[in-house]
Structure formats: structure tokens, C-alpha cells
1. If a residue counts only when it is surrounded by fewer than 22 Cβ atoms within 10 Å (Cβ to Cβ) and in contact (Cβ under 8 Å) with a residue 12 or more places away in the chain, which strands (runs of 3 or more DSSP E) contained entirely in segment 17-73 have at least 3 such residues?
2. Whether any residue in segment 128-136 is outside any helix (DSSP H, G or I), more than 17 Å from the chain's Cα centre (by Cα) and surrounded by fewer than 17 Cβ atoms within 10 Å (Cβ to Cβ) is what I want to check.
3. Sort out which residues of segment 91-109 are touching a residue at least 24 places away in the same chain (Cβ under 8 Å), closer than 13 Å to ARG157 by Cα and out of contact with any helix residue (DSSP H, G or I) (no Cβ under 6 Å at 6 or more places or on another chain), and write them in order of number.
4. So, VAL318, is that one at pLDDT below 85 and outside any strand (DSSP E or B) or not?
5. Can you tell me which residues in segment 274-316 are within 16 Å of ARG262 (Cα to Cα), in contact (Cβ under 8 Å) with a residue 40 or more places away in the chain and within 31 Å of the chain's Cα centre (by Cα)?
6. For segment 74-98, what are the residues that are within 28 Å of the chain's Cα centre (by Cα) and outside any helix (DSSP H, G or I)?
7. Anything in segment 168-180 that is of a type outside the set (Gly, Ala, Ser) and surrounded by fewer than 16 Cβ atoms within 10 Å (Cβ to Cβ)? List them, or say none.
8. When the residues of segment 81-109 are filtered to those that are in contact with a strand residue (DSSP E or B) (Cβ under 8 Å, 6 or more places away or on another chain) and of a type outside the set (Phe, Trp, Tyr), which remaining residue is farthest from LEU175 (Cα to Cα)?
Amino acid sequence: MEQPIIQIRNLGKEFKTANGPVRALNDINLDINQGEIFGIIGLSGAGKSTLVRCINYLEVPTEGEVLFEGQSLSAMSGAELRKARRSMGMIFQQFNLLAQRNVIGNVCFPMELAGVPKKEARERAMELLKTVGLEDRAKAYPAQLSGGQKQRVAIARALATNPKVILCDEATSALDPNTTKSILALLKEINKNLGVTVIVITHEMAVIEAICDRVAIIDQSHIAEVGTVSEIFSEPKSQIGRQLILGDAVKHVSFGTSRQIRLIFDGRESSEPVISNLVLACKVPVNIMYASTTDVNGKAMGQMIIQLPEEEADADRVIHYLKTVKIAYEEVTSHEL
């Protein structure tokens, strides 16, 4: 089996503050494989940004180690560490572009630091701008660009030194949903076409779902669980995993022995997502106890029995919704099921 490109072993990080030491990371163990898109998700303050900065040693861990291609970063000389860092491009939430340099100047910057000849650097920068769809903006300055364009420049800059890994620290948090979609599609394309391993740090489950192969959930400085995205989404094992995936609304609703109602489908369009619409409109979940519906020439026929939330106000909201959208229903008792 191929060795992981990044191995994190018993990693801990403590910060000294005026109020005493603060433990940001505790006993982190992760393997990130060559060529995958790996997500790290957690709530604010969980330690995910500290973790990404420890991966490339911008923050030196207090204990444990990070191995890059089998080599421990802590055992490297200054020159070796700089070389390893060049193999790890980084993209930030706030883009971090140099305002006084134009687009091509920003992309050339890491190559200048690495001693790449000017002509070669400019040719490579133009290639990269083509990759991210911005070759026509090479002479524009950051102030003239939209948020999505700035992030594309930042991605081109991150690719400038031919990295094997790209670290994305909340790279889409400052962008609107459509721009986020296009940036994630670009990262997926880069991963597929260039074979670059992508590590995505985020607090948004939608980002993980859109592009990641595997995900680690970090909670209060610890790794709560790791798995493929489909495993974690279908059956989160940790409390934080359930909270991130199912959201807060589900956590507080109990059903107990609450009322049950039969929905009668007698000719509505079968493509109408009745239960989804109900849940979204009423902002409470319902429990499907039984369903027998069939599609007859595009019309839904049959019945479904749902259990309402125990909280009376929530249940009344569901009933009111059913009346408003004219869905036939009747209350049932358990012996009628």
C-alpha cells in the first residue's frame, strides 16, 4: 500500500498566554493519502486552523511530529524545511494578495523567492493564470478583482512552486455560494488533472460534501472521528458529527408518544417533495412511521403516517402547514396503524 503523503503523529500544540497556557491541539493522529481531497471540519475554536499551520510548520508543534513523504519536519534543517514548505501551497480565507503587485506579479512572487529566473517565472505564471481562467487579467491589480477572482489568483500563486499538497484554510468562507461552487470545482479539477493532494479546512459541511474523499472532524482540540465522506454523512458516530451533519434543530426535538397523522395522497404531482417542503417550512423534523405511495402517470397515490414533534407549538405548525397547502390528512391512534 502506498505510504500517505502526510502523517501526523501524537501532535499537540499549546500557546502561552497572559492567562496561562492554552491547549489548541491534543494527541492528533491522521494519515492523508497522496492524491486525495481530505477535509478537516470543526466549529470555530476547535483547533482546525492551528492544525493546518502545524502541517507545514508555520506553527511548530509542542509535541508529536508531522511526516511529509516519510520525513519528519522536526528533523529537517532550515533549508530542507523551506524546500518541504515549497511543496505545500497555501490558500487563505482573505486571499493575502500583495496589493501593490498586479496579478502576474503576485503569481510570480513565490517563484522569485525560490530563485526561478524571471522569464521562466512569467511563462509559468501565465500558464497558471490560464489554468484558473484569468489569463486576461494578468495586468489587473487585486483591488480591481472580485472575491472569486482574487481566490483564483491565490490558487495560481499556491501552484507556482509545483506543490504536491495544497492547504486551503477556510478558502471559501468569504465568498458567496455561486463563487464558492466555482472555486471548489476548480480545486477538484486541479486535484484530478495535476494529482495535487488537497487539504480543505472548513466549518461548512456543504464544502466537505461537495469535494472531499475523506474527512476528519475536530472538536475541542481532539479528532472526534475520521472516515469517508459517505460513511460520516450516513452514520456520524460522534456527537459533534451528528451536530454538524444533522444541525441543531434535530438535536432538541423529541417525539415520545406524540400525535400521529395519516397523509392522504390522491393525485398530487408525484415530483412534489411534500415532506421536504413541510420540514423546511415548519423548521421542525417529522418522523415517518409508515409509507405506501405509488406513482400513477405522474400523480402520487397512497398514504403516509407521520409522527409530529412532542412540543405542541411545533405540532400545530405542521398541522397549519398541511391545511395551508391543502394536503388531506387525518389523526390516527396507535391501534389504527
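1. 20-32, 63-68
2. Checked against the condition, which is being outside any helix (DSSP H, G or I), more than 17 Å from the chain's Cα centre (by Cα) and surrounded by fewer than 17 Cβ atoms within 10 Å (Cβ to Cβ), segment 128-136 yields at least one hit.
3. PHE92, ASN96, ARG101, ASN102, PHE109 - these are the residues of segment 91-109 that are touching a residue at least 24 places away in the same chain (Cβ under 8 Å), closer than 13 Å to ARG157 by Cα and out of contact with any helix residue (DSSP H, G or I) (no Cβ under 6 Å at 6 or more places or on another chain).
4. Against the criterion (at pLDDT below 85 and outside any strand (DSSP E or B)), VAL318 does not qualify.
5. VAL274, LEU278, PRO309
6. If the condition is that a residue be within 28 Å of the chain's Cα centre (by Cα) and outside any helix (DSSP H, G or I), then SER87, MET88, GLY89, MET90, ILE91, PHE92, GLN93, GLN94, PHE95, ASN96, LEU97, LEU98 are the ones that fit.
7. ASP176, PRO177, ASN178
8. ALA84
The values are calculated or read from the model by the stated rules, or taken from the named source; none is laboratory data. Since the model is a prediction, treat every value here as computed from it, not as a measurement. Neighbour counts are summed over all protein chains in view; Cβ atoms, including those assigned to glycine, are modelled from backbone coordinates with ideal geometry.
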